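Notes for the one structure printed next.
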Amino acid sequence: MSGSVLYIGMAIAAALAFTVGGIFMKYSQGLTQPLPSLAMLGLFALGAALLTLSIDLRGELGPAYLVVLGLEAVLALAFGAMLFGEHANTGRLFGLGLLIVGMILIEGGSTEVTSDQPPAGAGAHAQPN
C-alpha cells in the first residue's frame, strides 16, 4: 500500500474517530453518563493516535491536521443531520463547500521533501568559491 493511500486512510479514520467521539460527547450529557463518557474519551484518544500516525506519514503537521479537521467538520455536519435532525441549510452547505475546496487547496499545495532534494531555500545564499 502506497504512503499516500495509507495517509488518506489514517486521516479518514482519525476524522471518524473524532466525530463519533463527538457523538458520544453529546450522549454523555456533560460527562454525567459513564459509558458514553468513556467511549468519548477512548475515541478521542484513538483519533489522536491516528492523527499522529498520519502526521508521521505525511511529514507535515499543518496539512495533515487541517485535512483531518476538515473531514471531521464534514462528518459532524452529516451525522448531526442524520442522527439529531440538525438542519443543513444553504449557508452551512456553502460553508461546507468552501471547507472542501480549502482542504483540496491545502493538501494539493503542500509538497513533500525527499532525502534526495534539499529543503526549499537551502543553499540559496551560498557563494561560489
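Max-minus-min Cα coordinates of segment 3-109 on each principal axis give 42, 34, 18 Å, with the largest extent listed first.
When GLU107, GLU60 are ordered from fewest to most other Cβ atoms inside 10 Å of their Cβ, what list results?
Numbers: GLU107 18, GLU60 14.
Ascending number of Cβ neighbours within 10 Å: GLU60, GLU107.
Which order do the peptides 69-77, 29-37 come out in when sorted by mean C-beta neighbours inside 10 angstrom, highest first? Spell out each step's value before the answer.
Details: 69-77: 18.6, 29-37: 11.8.
Averaged packing, sorted descending, gives the order 69-77, 29-37.
Taking other residues whose beta carbon is less than 15 angstrom from the beta carbon of ALA13, and scoring Lys, Arg as +1 and Asp, Glu as -1, yields -1.
Rule-based calculations on the coordinates, nothing more; no lab input. These numbers come from a predicted model, not from an experiment. Note: ideal-geometry Cβ built from the backbone for every residue, glycine included; neighbour counts use all protein chains shown.
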